[in-house]
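Structure record follows, encoded as structure tokens.
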Amino acid sequence: MFDTVRILSLDFPLTPRRELLLTAHRLIGSKRAARIYTPNAEMAYRAARDPAFSALLHRADLLLPDGVGISMAAARQGVSLSRVSGIDFAEALLRTAPRPYRVFLLGAKPGIGAAAARELSRRYARAEIVGVQDGYFPCERSHTVAAAIAGMRPDLLFVCLGSPRQEQWIDTHAIPCLAMGLGGSLDVWAGEVKRAPAVMQRAGLEWLWRTARDPRRLARLPALAGFAWRALTEKVEDFSVNCEKTEP
């Protein structure tokens, strides 16, 4: 049970990362369909404009603030909210796993999942990769893909289809495991994409690094500008800190 801070329409937990990890491990142990989403400023702006997407994100068991913009919006309220990168959180789960976790990788181009699986298996002894599926399947096969994944009985499902498709897919297919929406993480694990240097990550400039290496990301700037405008111009009382404990 966590205190939360509301950024636009989304509630983020105000709790140390260690407690978030313990909660995620408990969700895995519950053997039920659980969800962790990692909204950044672009996703928060979409949620503020799309009530259905906002409601979908609110059905998550945990929302992690994956973006410096979210942290800056919280700071405007006088609240300290550290960025929690989705890929870093997923790796921390594997690193601190109390037992071998069965992991399924969904998304990216053909071949990327297999390369990511080899890297995760090499780095994390308790990561048992039980299957991979690329993200290039037609919508009409979604239920077949979901059934195949459920049949592998994963503990963790990393869904890397890009937002909002990955969150919608997780929400639609309630597979009994902990599912996480992780964007381009498979490409990083496969070595296809390099992360920003650690100093840029700590400075909150990973978005600049990624945009410089992939100019197609410039198309996202209007959403980032929209989030910044909303975060800077809305009255602080339009945000809120919820000190009534909320159940994760």
Worksheet, complete the sentence: Counting only residues 5 or more apart in sequence or on a different chain, those whose built amide H sits under 5 Å from that of Cys177 are Ala33, Ala34
Response to the item:
In order over region 83-99: 3J(HN,Hα) from phi, Karplus 6.51/-1.76/1.60, θ = phi - 60°, whole Hz, x for each Gly or Pro, gives 5, 10, 5, x, 5, 5, 5, 4, 5, 5, 4, 5, 5, 9, 4, x, 7
Item to complete: Would you please name the trypsin sites (Lys or Arg not before Pro) within region 50-95 that are DSSP coil residues with at most 15 other C-beta atoms within 10 Å of their C-beta?
Response: Arg59
Fill in: Note, ³J(HN,Hα) from phi for region 108-118, Karplus 6.51, -1.76, 1.60, rounded to Hz, x at Gly and Pro
6, 6, x, x, 5, x, 5, 5, 5, 4, 4
Item to complete: Tell me which residues come under 5 Å, amide H to amide H, from Asp3 once H is placed; ignore anything under 5 positions away on its chain.
Response: Leu14, Thr246
Worksheet item: Ordered by residue, what ³J(HN,Hα) values in Hz, to whole numbers, does region 33-49 give under the Karplus form 6.51 cos²θ - 1.76 cosθ + 1.60, where θ = phi - 60° and Gly and Pro are x?
Response: 6, 10, 9, 10, 10, 10, x, 9, 4, 4, 5, 5, 5, 4, 4, 5, 9
Response to the item:
Quick calc: nm separation of the 7 Å Cα→Cβ label points for Glu19 and Arg99 -> 2.7
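Work out the FRET efficiency for Arg123 and Arg76 from their Cβ-Cβ distance, taking R0 = 35 Å, and round it to the nearest 0.05.
That pair, Arg123 with Arg76, gives E of 0.40.
Every number here is computed from the coordinates shown, using simple stated rules; none is lab data. Keep in mind that this is a model prediction, so the values were computed, not measured. No Cβ is skipped: glycine too gets one built from the backbone with ideal geometry, and neighbour counts run over all protein chains shown.
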